[in-house]
Amino acid sequence: YTATDLSDIPGFRLAHESETRVWENTESLGRAWVVGGSLNILKDQPARLDAADLGQVALLETDLDRPLGGKGTATVRSSRGGRVEVDVDSDGDALLVLAVNRGPGWTASVDGGPAQPTLPCDVAWQACLVPAGRHVVTFGVDSPAVRRGVAISLAAAAIVLLMVLLPRQLS
């Protein structure tokens, strides 16, 4: 057994030590954060991407239709299944980044408005545009594959129920 020592790495501190060590990443952005800038990973120069501070800039696969510049805070209010609610406070137009793997069917709604598809962000995460002010952003997933699976399961259950309840014909 060799104890891992991360004390020389900036941003890590020993939070607990017994038979195992627990290291805290003191520079973690948490599960959701607000950024005031973006870079397009498909167009921007590699040197610019390498120098990006992911606490201030989101790496997107597209260009945005408006300039950003806001700074703010984000706090996860609740997280249940495929639904995450985040309280956001920003002083200008910004991106809310959610550290949840993005896949087909993910949408975001600001203050109960229309749901829009989330933006692929920082390779694996997702983001949505937020205007200045205080908002509640609701991320949700409505996967077509899950809906098809539920429909097939219900149809199969109905067939089994009919087979059990209908009188059997003797040949």
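Restricting attention to the range 34-48, does a residue exist that is over 19 Å from residue 137 (Cβ atoms) and in contact with a helix residue (DSSP H, G or I) (Cβ under 7 Å, 6 or more places away or on another chain)?
Yes: one or more hits.
Kindly check whether there is at least one residue in the range 125-136 that is assigned to a loop (DSSP other than H, G, I, E, B), within 18 Å of residue 99 (Cα to Cα) and open to solvent by 50 Å² or more (accessible area, probe 1.4 Å). Don't jump to the end; show me each part of the working.
Going through the range 125-136, the residues assigned to a loop (DSSP other than H, G, I, E, B) turn out to be 131-132.
Now restrict to residues that are within 18 Å of residue 99 (Cα to Cα): none.
No, the conditions are met nowhere in the range 125-136.
Suppose the filter is open to solvent by less than 90 Å² (accessible area, probe 1.4 Å) and in contact (Cβ under 8 Å) with a residue 60 or more places away in the chain; does residue 39 pass it?
no
Taking the range 96-119, which residues are among the hydrophobic types (A, V, I, L, M, F, W, C), closer than 20 Å to residue 73 by Cβ and part of a loop (DSSP other than H, G, I, E, B)?
99, 100
Condition first: surrounded by fewer than 17 Cβ atoms within 10 Å (Cβ to Cβ), at pLDDT below 90 and more than 17 Å from residue 33 (Cβ to Cβ). Can you find one or more residues in the range 105-121 that meet it?
Yes, that holds for at least one residue.
State whether the residues of the range 111-133 include one that is over 18 Å from the mean Cα position of the chain (by Cα) and charged (D, E, K, R).
no
Hey, can you tell me all the residues within the range 8-49 that are assigned to a loop (DSSP other than H, G, I, E, B), out of contact with any strand residue (DSSP E or B) (no Cβ under 7 Å at 6 or more places or on another chain) and modelled with pLDDT of 75 or more?
Within the range 8-49, 8, 9, 10, 18, 19, 20, 30, 42, 43 meet the criteria.
Here are some conditions: (1) free of Cβ contacts under 8 Å to residues at least 24 places away in the same chain; (2) surrounded by 13 or more Cβ atoms within 10 Å (Cβ to Cβ). Residue 90 meets all but one. Which one does it not meet?
Status for residue 90: all satisfied but (1).
Starting from the range 13-26, keep only residues that are open to solvent by less than 70 Å² (accessible area, probe 1.4 Å), then list their pairs with residues that are among the hydroxyl-bearing types (Ser, Thr, Tyr) and at pLDDT below 85 whose Cβ atoms are within a distance under 7 Å, requiring at least 6 positions of separation or different chains.
14/7
All but one of (1) in contact with an Asp or Glu (Cβ under 7 Å, 6 or more places away or on another chain); (2) under 19 Å from residue 135 (Cα atoms); (3) not hydrophobic (A, V, I, L, M, F, W, C) hold for residue 11; which doesn't?
Tallying (1) in contact with an Asp or Glu (Cβ under 7 Å, 6 or more places away or on another chain); (2) under 19 Å from residue 135 (Cα atoms); (3) not hydrophobic (A, V, I, L, M, F, W, C), residue 11 fails exactly one: (2).
Here is a list: 66, 77. Which entry is open to solvent by 30 Å² or more (accessible area, probe 1.4 Å), in a loop (DSSP other than H, G, I, E, B) and among the charged types (D, E, K, R)?
After applying the criteria, what remains is 66.
The values are calculated or read from the model by the stated rules, or taken from the named source; none is laboratory data. As the structure is a computational prediction, the values presented were derived from the model and not from experiment. Using ideal geometry, Cβ is built from the backbone for each residue, glycine included, and neighbour counts are taken over all protein chains shown. For the accessible areas, the whole protein counts, side chains as well, though only heavy atoms, and no ligand, DNA or RNA atoms are used. Shrake-Rupley method; radii C 1.70, N 1.55, O 1.52, S 1.80 Å.
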